[in-house]
Amino acid sequence: MQNQFLRKVIFMIIKKIEITNIRSYKEKTIIELPVGTILFQGDIGSGKSTILSAIEFALFGLGDVDANHLLRIGESKGSVLLEFESSGKSYYVLRTLLRKGNKIFQEEGFLYENGVKNSYSVGELKSRILDIIGINERTQTKTTSTIYRFAIYTPQEMMKNVLTSNNEKRVEILRRAFGIEEYSTAKKNAEKFSSWIRTVTRIKKSMVNDLSMNKVDLQKIKYTSESLSEEIDYFKDGVEHLNNQIQIILKDMLEMRKKKERMLQAESSILHLQSTIDKNLQLKEKINLELGRMNQELYEISESEKIIADLTPKYQEYIQKKRDLVNVTDKAFQYNKLLLDKITLESNINSERDMLNSSIQRLDLDLTDLTSELARCNDEVKNLDELKKEEIVLKNIITGSNKFQMDLDTVSENISNTRSEQNSIRKEILKQKSELESVLQLKQDAECPYCKQKLDQQHIRTLENKFLQGSNFLKNKIIHMEEEIIENQVKKNQILDRIKQLESKRSELQKIQFQIAKLIDVQNIIKQLDFKISEKISNKKSLQDKLQDKAFLVKINKLDEIADKLNVLYSYKIKYDTLNNIVIDYQKTDLERTYMEHSNIIKSKQRIIEDIKTKEQSLLELNDEVITLSDKLAKTKAIYQDREMVDNKLNELELQRVSLEKELMDKKESLAIRRTDHDNNMKLIEGFNKKICELEEKVDKISFTDQVGLWLNQHFIPSLEQIESQVLISIKEEFNKLFQKWFYLLIEVGDIDVEIDEYFTPVINQSGYRLEVESLSGGEKTSIALAYRLALNEIIRRMIMLDDNLLILDEPTDGFSKEQLIQIKHVLEQLSAAQVIVVSHEKELEGFVETIFRVVKESEKSQIELVV
């Protein structure tokens, strides 16, 4: 089984994951994962599957997952940091979700490689992850990795969808999982293209219908030239007559060719002999041509020898002049270099003088601007001292503001305490009144609840007098407190008025302080301006000094030295120019190339002589072979004399056809000449001819597109269907074996047989009868689903050559009995993956794994605990 994956897939081992605000995980949750078999155990809904979703999100982004289902409700930001190892290297990948209003966005991701942090867009990060772990598939932003979903981790609900889908939907899903959906995609695209071709052809044909109408209109215009109509009709009749004659001849030629084809079936031996003779004759002709060419080359060599003899003295002189030229070249180049240095130095001196003068002028302009700015700033700071005095006065006025605030707090507290005490007194009066009323309600001679004496009229009057005295005392006290409250409220209002006055002064003080701060900034600007002015004056003086220093004298002296050296080298320069002109004159005559070409020609003389002897011997052998074959051919042709008659007849008909076609062409030319005489109608005729040509081109294009559509429907689409069918059959056979292997490992072999049909549907047979999957027990259904999942994982791993280093199983035992759970131990033992992650609510699986993580959920928050 082959697909587009041509290199071995590396994949990875997960080492650590950090989850923050993802579904039921609020605070940062860190999980370090070892190699071996790992179990995440917890109740349904505790947050186990969220860990798997977080791993997939970190690797491939949201894909087809709704961000609202991943980011924790009520949180504005969530993230997943995943550490994994691939090809011996460790990587950290970070993805983040951000809520903005009613929408959730996936932010730019980060990948740490070799300790270096690199940022990627959502799609770029997914492509980089696929490249690191070795998965070769097309990157699509809105989907996760198909290979990861089917070869590493298949969500429980996704596997149920595969099993319960109709046959067409299931095969479509598995095409994508196996990486062969390109066949189906190509077929659909071809069908769409074929449909488009039919539509375009119909549209164009409707346009081409105008062709006949344009020809009719063109004919009408032609007939308007009455003076030439008779001649045009005459030549048209002649053309038509010749066309009929040519058609008759072509029909006769077709009949004769059919006779010739029937005779050719009996002439295979003649054709073979003739072909051999022709080849030998061609070879003989080729050898004769080569002998002629070789003799010509010998002649050219003799001519070259004469030319070399004539050119040798000039060539030797040319070589000597080139050597002399080389000897003086360095001195001449030194002369040219010094001359250039002289020109450059003179230019630099003039340029530097101009540049210094320009810089001094710019400094003068800058000094003028800075002086104006300094004067303006000095005017602004004149009022600074007066503002500082006002600031001191206002500070002294508001110094006691804190005391007034303390007095206000004291008075407010007194008012509050007095009112609280008033309320307490009122409650006490009510309490005493209630107690008296309760006593008055007692019967005569009853026991007093306070003094335990018998109640009589005297005792009751005593209690009433006591209550009235106490009540009057408390009421007087309340009146006195009310007066205190009024007095304190007056004080409070006075203090508030004073505080408002101080606040007004404080606001005035802030304005003055702002003005002072602004003027202090101006003072700092003045200092900066003074510094800049000093600096500009210093720079100007420095530039003026440069104009007066000895630098220019040094450069002028250097110019004199260069001039002396130029005088010394001048003779070499003259000699170089003379020799160079001589050499150039020789080069113009192409002396060296001519001499070398003829020398090379002379070198091949001996080889050509030997080749001539070899060719002449081959020619003699070919002559003998041609004579022998010709004798055999003559004997064979005597048997088929009718062949010559047919050939003669065909030649005769061909000559007639050529003659008639030539006559036809002459008549057509005459007809065209006469039509060009229609000066008044020329523009109209030209326009119609152009339009007719365009319509005829459309006819040609329609023919081509029809052929393409026919090829797609009759050849291309059937071929794709056949290739895809063969690939699926091969995969199905291997898949069936793996499915049976895992199912029989999960279910003890009895009277139940399973297999996979052509639509990859599990087929269950019991005692010779086919059973529906829905009729099975819960454990048997789960066994079917788990065997299907493991077979699918393994077949995809084999197809893409994926290392068995990571496998994730989501709720693999849903519906298993305790006896069936034991079979999972055998499954885990059969798995060869270096790291197996199992998510389940079954505690019985804890004895089958090496590492256990307990997942619990409290107050809508998931927590993970490593079970030692």
Notebook entry, point to check: Only one residue in ASP530, ASP545, ASP497 is part of a helix (DSSP H, G or I) and closer than 30 Å to ASN396 by Cβ. Which one?
Noted result: ASP497
Item checked: Members of segment 260-295 that are at pLDDT below 75 and either β-branched (Val, Ile, Thr) or open to solvent by 90 Å² or more (accessible area, probe 1.4 Å) (or both) -> GLU261, ARG262, GLN265, ILE270
Notebook entry, point to check: Do we have any residue at all in segment 466-479 that's of a type outside the set (A, V, I, L, M, F, W, C), farther than 26 Å from SER420 by Cβ and open to solvent by 60 Å² or more (accessible area, probe 1.4 Å)?
Noted result: yes
Note to self: Condition first: under 41 Å from the mean Cα position of the chain (by Cα) and of a type in the set (A, V, I, L, M). Now tell me which residues in segment 828-848 satisfy that.
What the structure shows: LEU828, LEU831, ALA833, ALA834, VAL836, ILE837, VAL838, VAL839
Item checked: Filter result (free of Cβ contacts under 8 Å to residues at least 60 places away in the same chain and not in a loop (DSSP other than H, G, I, E, B)) within segment 23-46 -> ILE30, GLU32
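For every residue, the table says whether it meets (1) closer than 21 Å to ARG175 by Cβ; (2) out of contact with any helix residue (DSSP H, G or I) (no Cβ under 7 Å at 6 or more places or on another chain); (3) modelled with pLDDT under 75.
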{"residue": "TRP742", "(1), (2), (3)": "no, no, no"}
{"residue": "LEU745", "(1), (2), (3)": "no, no, no"}
{"residue": "GLY750", "(1), (2), (3)": "no, yes, yes"}
{"residue": "VAL754", "(1), (2), (3)": "no, no, no"}
{"residue": "GLU794", "(1), (2), (3)": "yes, no, no"}
{"residue": "ASP804", "(1), (2), (3)": "no, no, yes"}
Notebook entry, point to check: Quick check, is ASP354 part of a helix (DSSP H, G or I), open to solvent by less than 80 Å² (accessible area, probe 1.4 Å) and of a type outside the set (Gly, Ala, Ser)?
Noted result: no
Check: So ILE723 clears everything in (1) at pLDDT 75 or above; (2) among the β-branched types (Val, Ile, Thr); (3) crowded, with 16+ Cβ neighbours inside 10 Å except one condition, right? Which one?
Finding: (3)
Next item on the list: Select from segment 602-621 the residues that are farther than 30 Å from LYS279 by Cβ, open to solvent by 60 Å² or more (accessible area, probe 1.4 Å) and hydrophobic (A, V, I, L, M, F, W, C) and list them in ascending order.
Entry: none
Next item on the list: Determine if segment 582-591 includes at least one residue that is part of a helix (DSSP H, G or I), at pLDDT 75 or above and surrounded by 15 or more Cβ atoms within 10 Å (Cβ to Cβ).
Entry: yes
Checklist line | Any hit, segment 414-424, residues being more than 30 Å from PHE467 (Cα to Cα) and loosely packed, with under 13 Cβ neighbours inside 10 Å | finding: no
Check: Taking interchain pairs and intrachain pairs at least six residues apart, which have beta carbon atoms under 6 angstrom, with the first residue in segment 753-769 and in contact (Cβ under 8 Å) with a residue 60 or more places away in the chain and the second among the basic types (Lys, Arg) and open to solvent by less than 80 Å² (accessible area, probe 1.4 Å)?
Finding: PHE760/ARG170
Notebook entry, point to check: Quick one: which of LEU569, LEU579, LEU620 is part of a helix (DSSP H, G or I) and touching a Leu at 6+ places or on another chain (Cβ under 6 Å)?
Noted result: LEU579
Margin query: If I ask for residues that are closer than 24 Å to GLU32 by Cβ, crowded, with 16+ Cβ neighbours inside 10 Å and at pLDDT below 90, which ones from segment 91-127 would you list?
Written below: GLY109, LEU125
Next item on the list: Report, ordered by the first and then the second residue, all pairs with beta carbons closer than 6 Å, sequence separation of six or more or different chains, a first member in segment 562-582 that is touching a residue at least 40 places away in the same chain (Cβ under 8 Å), and a second member that is β-branched (Val, Ile, Thr).
Entry: TYR572/VAL328; LYS575/VAL328; TYR576/VAL328
Check: Can you name every residue in segment 848-868 that is out of contact with any strand residue (DSSP E or B) (no Cβ under 6 Å at 6 or more places or on another chain) and either surrounded by 12 or more Cβ atoms within 10 Å (Cβ to Cβ) or assigned to a loop (DSSP other than H, G, I, E, B) (or both)?
Finding: PHE848, LYS857, SER859, GLU860, LYS861, VAL868
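The values are calculated or read from the model by the stated rules, or taken from the named source; none is laboratory data. Keep in mind it's a predicted model, so treat the numbers as computed, not measured. All Cβ positions, glycine included, derive from the backbone under ideal geometry; neighbour counts span all protein chains shown. Heavy atoms of the whole protein, side chains included, go into the accessibility calculation; ligands, DNA and RNA do not. Shrake-Rupley method; radii C 1.70, N 1.55, O 1.52, S 1.80 Å.
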